[in-house]
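One structure is given here, and the rest of the page talks about it.
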Amino acid sequence: MPDQRRHRAYVGAAAQYDIIGASQFALAVACGLREEHHLLDFGCGSLRAGRFFITYLRSGHYFGIEPNRWLVESAFTEELGADILSIKAPNFAFVDNFSIPFTRRFDYIIAQSIFTHMGRELVIRLFKSAARALAENGIFLATFFLGDKDETRQGWIYFDTVPRGESVATPYREGTITTLAGDAGLKSCKLPYHHPRGQTWFLFTKRDSRLPSPSQIALLHGLQAMPSLLPEE
Ligand SMILES: C[S@@+](CC[C@H](N)C(=O)[O-])C[C@H]1O[C@@H](n2cnc3c(N)ncnc32)[C@H](O)[C@@H]1O
């Protein structure tokens with residue numbers, strides 16, 4: 001039976017809680033994340049991916065932003081245990097204005113299933129915040145729902161903010177994503193990396209030299225590259 005505990009279900013697809021977290025970690029490591037880096041997990045939720053990043057990174061190097069404090073607290077009571085708070089000293093900001101209040105710059109920023117619930121104004125705001133917080137050589141990994149048309153609704157679009165039955169997915173065209181990222185000073189690269197829920201990964205950087213080459217991009221297929229080893233999803 002899928003684990004339907006509330007802190008897992010709130011971030012979506014409770015049955016895939018493990019793989020959606022682990023695949024974020026695997027992608028970040030494939031893109032060069034090492035234990036000495038500082039990583040920001042924007043909209044970290046119940047630490048679906050954060051539980052892997054926190055144990056891997058050096059003490060004090062994980063930063064999470066999340067407005068729902070109870071999700072983070074549940075992650076420590078239900079998933080990780082409280083001892084890791086003193087051992088790995090993760091940092092959190094419980095804010096909901098889509099800013100990044102930490103003063104340091106980040107080697108890596110990850111935003112999984114965040115732009116996928118945003119109206120255009122919030123997309124623009126998060127790109128600008130991320131560009132300010134990203135180190136000059138930093139890498140920003142984020143998912144989008146690609147579509148033929150851009151989302152026209154505004155604000156944060158989630159199951160607890162829109163009427164029941166209304167879609168909570170906010171699609172954008174690839175060209176729109178590239179343009180809005182470019183307006184914030186970020187260069188874009190679409191990745192072929194497998195996403196268990198049909199989202200599409202993008203890598204953003206400030207420097208052309210940090211964009212992966214076509215041959216590197218071709219290696220970033222993730223689990224999709226080994227279907228014979230996959231359990232049925
Ligand atoms: C689909 S979940 C993804 C969570 C996490 N990134 C993951 O992969 O498990 C969306 C998350 O965005 C959070 N969120 C909502 N409003 C936010 C805001 N203003 N700033 C940051 N995160 C927000 C939600 O509470 C939720 O944890």
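Figures for the structure shown
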| quantity | calculated |
| --- | --- |
| Arg104 versus Arg58: modelled label distance in nm, points set 7 Å from Cα along the beta carbon direction | 0.9 |
| Prolate/oblate/rounded call for segment 1-148, Cα gyration tensor, a/c under 1.5 rounded | rounded |
| Spatial separation of Cα centroids for segment 167-219 and segment 37-65, in angstrom | 21 |
| Sequence ranges 87-100, 107-120, ranked by mean other-Cβ count within 10 angstrom, highest first | 107-120, 87-100 |
| Choice from Arg153, Arg34, Arg58 with maximal GNM fluctuation in the chain (Cα, 10 Å cutoff) | Arg153 |
| Long-range amide H partners of Ile139 with built H, under 5 Å | Tyr108, Ile109 |
| Anchor Lys149: lysines whose Cα lies under 22 Å away (excluding residues fewer than 8 positions away in-chain) | Lys187, Lys190 |
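Readers should treat all values here as calculations from the given coordinates under stated rules, not as data from a laboratory. Since we're looking at a predicted model, the values are computed, not measured. Reconstructed Cβ throughout: ideal geometry from the backbone, glycine too, with neighbour counts over all protein chains shown.
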